[in-house]
Amino acid sequence: MQPRLAIDSARLLADLGALAADSMEGRSFGTPGGARARALIADAFAEAGLAPLPPARGAVPAFVHPFEVS
């Protein structure tokens, strides 16, 4: 059985505040605010010790994978 991890409420509020900030510019696809949000989340994943998904066809392992929105 995996150990239960505690949730740091101060960190959670700080992260939510950062993602909801006006500086994120709405976090839409292809915007600088979206890129900042993506980087913040990827950094938090790495800091938490999560492993990125396996890369596709020789790409470097990463938390960010391209996809198309239609």
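Only the coordinates and a few stated rules stand behind these numbers; no lab work does. The structure presented is a predicted model; accordingly, all values stated were derived computationally and were not measured. Here Cβ is always computed from backbone atoms with ideal geometry, including for glycine, and neighbour counts include all displayed protein chains.
Just tell me the longest site-free run in the chain, where the sites are trypsin sites (Lys or Arg not before Pro) in a DSSP loop having at most 15 other beta-carbon atoms within 10 Å. Mind dumping the intermediate values first?
Numbers: sites that count: Arg4, Arg57.
Free of exposed loop sites, the longest segment is 5-56.
For the stretch 64-70, 3J(HN,Hα) computed residue by residue from phi via the Karplus equation (6.51, -1.76, 1.60; θ = phi - 60°) reads 9, 10, x, 7, 10, 10, 10 Hz, glycine and proline entered as x. If you take P(r) over Cα pairs in 10 Å bins from 0, in percent from the coordinates, which of (1) 22, 64, 14; (2) 20, 58, 22, 0; (3) 17, 38, 33, 11, 0 do you get? Correct label, based on the coordinates given: (3).
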